[in-house]
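The values are calculated or read from the model by the stated rules, or taken from the named source; none is laboratory data. Quick caveat: nothing in here was measured; it's all calculated off a predicted structure. No Cβ is skipped: glycine too gets one built from the backbone with ideal geometry, and neighbour counts run over all protein chains shown.
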């Protein structure tokens with residue numbers, strides 16, 4: 001079966017969306033909590049900088065709105081290569097996460113070539 005969307009998410013919830021945190025939120029939380037070694041932090045910061053430079057940030061995300069993002073599976077090959085070291089960091093620290101594939105994401109409020117942002121309310125996509 002071919003899926004349209006993919007998301008890497010944790011098992012803890014975001015305080016904004018009440019939905020499971022995405023991979024960037026998980027890694028930033030580990031850094032803020034002092035749980036990541038300096039070398040791993042530098043690797044993650046490099047990954048984050050690549051995404052900031054190469055992937056548009058949805059306006060809704062910038063505004064702190066209750067949205068989550070999914071990668072589009074048909075255009076995410078390079079991004080998955082770039083994000084793989086962050087997944088390895090989560091593995092190293094035994095931080096649980098899930099890779100979710102779906103065709104059903106709810107109300108899309110932003111879309112570009114690589115991703116969609118969808119509304120979340122009460123911890124559920126709407």
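Part of a strand (DSSP E or B), at pLDDT 95 or above and farther than 18 Å from residue 118 by Cβ: which single residue out of 11, 35, 7 fits that description? Quick ask: steps written out before the conclusion?
Working: 35 fails: part of a strand (DSSP E or B); 7 fails: farther than 18 Å from residue 118 by Cβ.
On inspection, the qualifying residue turns out to be 11.
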Which residues, counting only those in the stretch 83-112, are under 17 Å from residue 60 (Cβ atoms) and either in a loop (DSSP other than H, G, I, E, B) or touching a strand residue (DSSP E or B) at 6+ places or on another chain (Cβ under 6 Å) (or both)? 105, 106, 107, 108, 109, 110, 112
Does residue 67 satisfy the condition of being exposed (fewer than 15 other Cβ atoms within 10 Å of the Cβ) and touching a strand residue (DSSP E or B) at 6+ places or on another chain (Cβ under 7 Å)? no
What is the one condition in (1) over 21 Å from residue 126 (Cβ atoms); (2) in contact (Cβ under 8 Å) with a residue 40 or more places away in the chain; (3) under 14 Å from the mean Cα position of the chain (by Cα); (4) not in a loop (DSSP other than H, G, I, E, B) that residue 40 does not satisfy? (3)
Failed item in (1) more than 23 Å from residue 4 (Cβ to Cβ); (2) in contact (Cβ under 8 Å) with a residue 60 or more places away in the chain, with residue 55 passing the rest: (1)
Going through (1) within 26 Å of residue 126 (Cβ to Cβ); (2) crowded, with 18+ Cβ neighbours inside 10 Å; (3) touching a helix residue (DSSP H, G or I) at 6+ places or on another chain (Cβ under 8 Å) one by one, residue 55 fails only at (2)
Those residues of the stretch 93-118 which are within 17 Å of residue 21 (Cβ to Cβ), without any contact (Cβ under 8 Å) to a residue 60 or more places away in the chain and more than 14 Å from the chain's Cα centre (by Cα), in sequence order: 94
Going through the stretch 63-80 in order, the residues found to be more than 12 Å from residue 8 (Cβ to Cβ) and either in a loop (DSSP other than H, G, I, E, B) or over 14 Å from the mean Cα position of the chain (by Cα) (or both) are 63, 64, 65, 66, 74, 75, 77, 78
Long-range neighbours under 8 Å by Cβ, at least six apart or interchain, first residue free of Cβ contacts under 8 Å to residues at least 60 places away in the same chain and at negative phi within the stretch 68-92, second surrounded by 12 or more Cβ atoms within 10 Å (Cβ to Cβ) and in a helix (DSSP H, G or I): 79/51; 82/47; 82/50; 82/51; 85/43; 85/44; 85/47; 92/40
